[in-house]
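Colleague: Here you go, one structure.
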Amino acid sequence: MGQRAGGDRRVHHGHHSYIGLNSRLRGSVVCRSVTVKNGCLLEEGSVIGSDVTIGAGSSVNANVRIWPNKEVEPGAVVHESIIWAGSWKRGLFSSYGLTGLINIEITPEFASRLGAAIGALTTKGTEIAFSRDYTRSARMIGRALMSGMISSGTNVIDLSVLPAPISRYWSRHNHVSAVHVQTSPVDPRSADVRIFDDHGLDVDKRSERKLEGLFFREDIRRVSHYEMGRITRRDQQTERYLEDLISKLDLESVRGAAFKVVLDYNNGAVAMVLPQILRELNCSVIPLNAAPAEIVMEQDDSTFQAHLQEMGVITSAVKAKIGVFIDSPGERCFIVDETGTLLSHDQAFAVLTHLALSAKKGMVLGPASTSLAFSMIAEQLGGRFVPTKITPGAVLRAAQHSETVLASDGGGGFCWPDFAVSFDAIFTVARVLELLAVSGTSLGALRSRIPQVTHRTAVEFCPWEVKGRVMRTMMERHLKDRVDLTDGVKVFVDDGWVLVAPDPDRPEYYIIASTRDAGHANRLVEEYSQLVRSVVAEAAPQAEAVVET
């Protein structure tokens, strides 16, 4: 055991296990090759299986069992047994929202308790809207969430199946908070639970922390039988969205262009609204995967890329103006130009930046990690590129500025604040068609005009407790240099910049260089990667002995 670690006589621990400094064990069973790091608390009756790592400052509640080969994140509170999940997170939310494996991390029991915690954030009788995608898993999780919410005295407005951007739009225009459940577009084994405030934005960090406190303390309001909330069903809540969207477009120009469009709906809910919009715009549409799917099958990256390339072949063959693949929530898209070339997310953002600033001068927003090319494009067109924090939620909050004409998360999500402060692939399709019609140009022509820069990225491991030291070292090193502290430390050099930014969810640092010269970018990435490695090595504690018993 480490110094000042303690365990009473009822503690049983196996060979090759380590108990860190200031950790306390009470009537626990610790099996073979377990690492309990500094400042942990294992309560009465807890059982820790072999090859488990308990992160520093974590607590394991009474009678909780942790199966072998699991990992508990630092600072976590484990309040139920870990059987199927590979790890236990210290909080509900990551920088990209609340997500977890279906029926492993997000179970009906979890969803019901989460719903009750969401309800407990508000006063009794408050209305909260609920929406979901087509999938069975979203339906299952949604019903459990709603049961938890009404158990805390909250009234639920069930909007049923809606694309996420329309759910946000409904929330903002009706001034009602909302919960949206979807199968993750990144991993169909996982589900995302999105919680929007009454402005249609992701809830802020303060509300996230408060919700986590209620959830983990199980400080949940349970009302009497006569105070139970009610569920009110409202279907077909798309009319106002469609009317507002159409009103934002130059219909005469788009209808006159009579574009041909290839659209892959990815079997998502977008297919319930976008065809009607494209009919209004006099577009000929070649639809792909338009039927809704209750089950989303897994596919690896190579299969997905092949699917996108196939869409490009179709776009070129039918001589369409544009091809678009929309993810199942309806927030992000992949774009193919008229030649059948698939645009990377950076290329698509650059092309849309050119279209947006050519039509209206103003600001374009994107993550601090976005390529140097965007500042060059904005300067050429008399606009400004303004960096934001890297997370999608931070981009949207910044996009509320009145001068913003376009914002993107750099991952295929585009926000047009003159219509709605949300990543909306539905409106993106309509707006791009409008801008192409008005300008008379093509995506391929704009792609060829993107400034040539070199953008390099590296990732370095950095323990949580050392992240602050890396930031201090960067600041001390560049006290007299021009820097930007929007997210991490960005240091400007003669032909570009280098950014050192911490990952908010993992013990890692990103080192990103964007310069006109390829060799310079490579040297900057290597130099600052070495800086992070040296700070980590210097801060690493001496190897601690493992006590064998």
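Colleague: Is there a residue being closer than 25 Å to Gly75 by Cα, among the hydrophobic types (A, V, I, L, M, F, W, C) and either surrounded by fewer than 16 Cβ atoms within 10 Å (Cβ to Cβ) or in contact (Cβ under 8 Å) with a residue 60 or more places away in the chain (or both) anywhere in region 482-501?
Modeller: Scanning region 482-501, I find at least one residue that is closer than 25 Å to Gly75 by Cα, among the hydrophobic types (A, V, I, L, M, F, W, C) and either surrounded by fewer than 16 Cβ atoms within 10 Å (Cβ to Cβ) or in contact (Cβ under 8 Å) with a residue 60 or more places away in the chain (or both), so the answer is yes.
Colleague: Within region 468-489, does at least one residue satisfy the condition of being over 28 Å from the mean Cα position of the chain (by Cα), in a helix (DSSP H, G or I) and not charged (D, E, K, R)?
Modeller: Yes, that holds for at least one residue.
Colleague: Can you give me the number of residues within region 218-239 that are modelled with pLDDT of 90 or more, more than 13 Å from Ser152 (Cα to Cα) and of a type outside the set (Val, Ile, Thr)?
Modeller: Total satisfying the criteria: 3.
Colleague: Restrict the check to region 515-538 and report whether at least one residue is on the phi > 0 side of the Ramachandran plot, assigned to a loop (DSSP other than H, G, I, E, B) and outside the structural domain of Val254 (by TED's automatic domain parsing).
Modeller: No.
Colleague: Among the listed residues Gly330, Gly323, Gly340, identify the single one that is outside the structural domain of Ala138 (by TED's automatic domain parsing), in contact (Cβ under 8 Å) with a residue 24 or more places away in the chain and over 30 Å from Ser160 (Cα atoms).
Modeller: Gly340
Colleague: Please determine whether any residue of region 230-250 is over 30 Å from Thr341 (Cβ atoms) and either surrounded by 22 or more Cβ atoms within 10 Å (Cβ to Cβ) or among the aromatic types (Phe, Trp, Tyr) (or both).
Modeller: Checking region 230-250: at least one residue is over 30 Å from Thr341 (Cβ atoms) and either surrounded by 22 or more Cβ atoms within 10 Å (Cβ to Cβ) or among the aromatic types (Phe, Trp, Tyr) (or both).
Colleague: Failed condition for Ile128, given (1) outside any helix (DSSP H, G or I); (2) under 23 Å from the mean Cα position of the chain (by Cα); (3) farther than 15 Å from Leu214 by Cβ, with all others met?
Modeller: Against the list (1) outside any helix (DSSP H, G or I); (2) under 23 Å from the mean Cα position of the chain (by Cα); (3) farther than 15 Å from Leu214 by Cβ, Ile128 comes up short only on (3).
Colleague: Ok, one more. Examine region 429-450 for a residue that is of a type in the set (Asp, Glu) and in contact with an Asp or Glu (Cβ under 6 Å, 6 or more places away or on another chain), and state whether such a residue exists.
Modeller: So far as region 429-450 goes, yes, one or more of its residues are of a type in the set (Asp, Glu) and in contact with an Asp or Glu (Cβ under 6 Å, 6 or more places away or on another chain).
Colleague: If I ask for residues that are out of contact with any Pro (no Cβ under 9 Å at 6 or more places or on another chain) and buried (at least 17 other Cβ atoms within 10 Å of the Cβ), which ones from region 185-196 would you list?
Modeller: Result: Pro188, Ser190, Ala191, Val193, Ile195, Phe196.
Colleague: Among the numbered criteria (1) in the same structural domain as Tyr226 (by TED's automatic domain parsing); (2) surrounded by fewer than 23 Cβ atoms within 10 Å (Cβ to Cβ); (3) touching a helix residue (DSSP H, G or I) at 6+ places or on another chain (Cβ under 6 Å), which one does Asp133 miss?
Modeller: Among (1) in the same structural domain as Tyr226 (by TED's automatic domain parsing); (2) surrounded by fewer than 23 Cβ atoms within 10 Å (Cβ to Cβ); (3) touching a helix residue (DSSP H, G or I) at 6+ places or on another chain (Cβ under 6 Å), Asp133 violates only (2).
Colleague: Take Val429 and tell me if it is at pLDDT 95 or above, of a type in the set (Val, Ile, Thr) and outside the structural domain of Ala356 (by TED's automatic domain parsing).
Modeller: So Val429 does not fit the description; no.
Colleague: If we only count strands (runs of 3 or more DSSP E) wholly inside region 143-235, which ones have 3 or more residues that are over 23 Å from the mean Cα position of the chain (by Cα) and in contact (Cβ under 8 Å) with a residue 60 or more places away in the chain?
Modeller: Here the list reads 155-161, 231-233.
Colleague: Listed residues Ala445, Ala407, Ala373; which is without any contact (Cβ under 8 Å) to a residue 24 or more places away in the chain and either out of contact with any Leu (no Cβ under 8 Å at 6 or more places or on another chain) or crowded, with 22+ Cβ neighbours inside 10 Å (or both)?
Modeller: Answer to the selection: Ala445.
Colleague: Is it the case that Arg143 is within 26 Å of Val29 (Cα to Cα) and of a type in the set (Lys, Arg)?
Modeller: So Arg143 fails the test.
Colleague: Taking region 97-117 as the region of interest, how many residues are at pLDDT below 90, buried (at least 17 other Cβ atoms within 10 Å of the Cβ) and assigned to a loop (DSSP other than H, G, I, E, B)?
Modeller: Selection size over region 97-117: 1.
Colleague: On the given criteria, is Val459 within 30 Å of Asn38 (Cα to Cα) and either outside the structural domain of Leu201 (by TED's automatic domain parsing) or in contact (Cβ under 8 Å) with a residue 24 or more places away in the chain (or both)?
Modeller: In short, yes.
Colleague: The conditions are (1) of a type outside the set (Ser, Thr, Tyr); (2) at pLDDT 95 or above; (3) farther than 30 Å from Asp51 by Cα, and Asp495 fails exactly one of them. Which is it?
Modeller: (2)
Colleague: Another question, if that's okay. Assuming Glu379 fulfils every condition listed in (1) within 27 Å of Ile511 (Cβ to Cβ); (2) buried (at least 18 other Cβ atoms within 10 Å of the Cβ) apart from one, which condition is it?
Modeller: It is condition (2) that Glu379 fails.
The values are calculated or read from the model by the stated rules, or taken from the named source; none is laboratory data. No experiment lies behind these values; they were computed from the predicted model shown. Neighbour counts run over all protein chains shown; Cβ positions are idealised from the backbone, glycine included.
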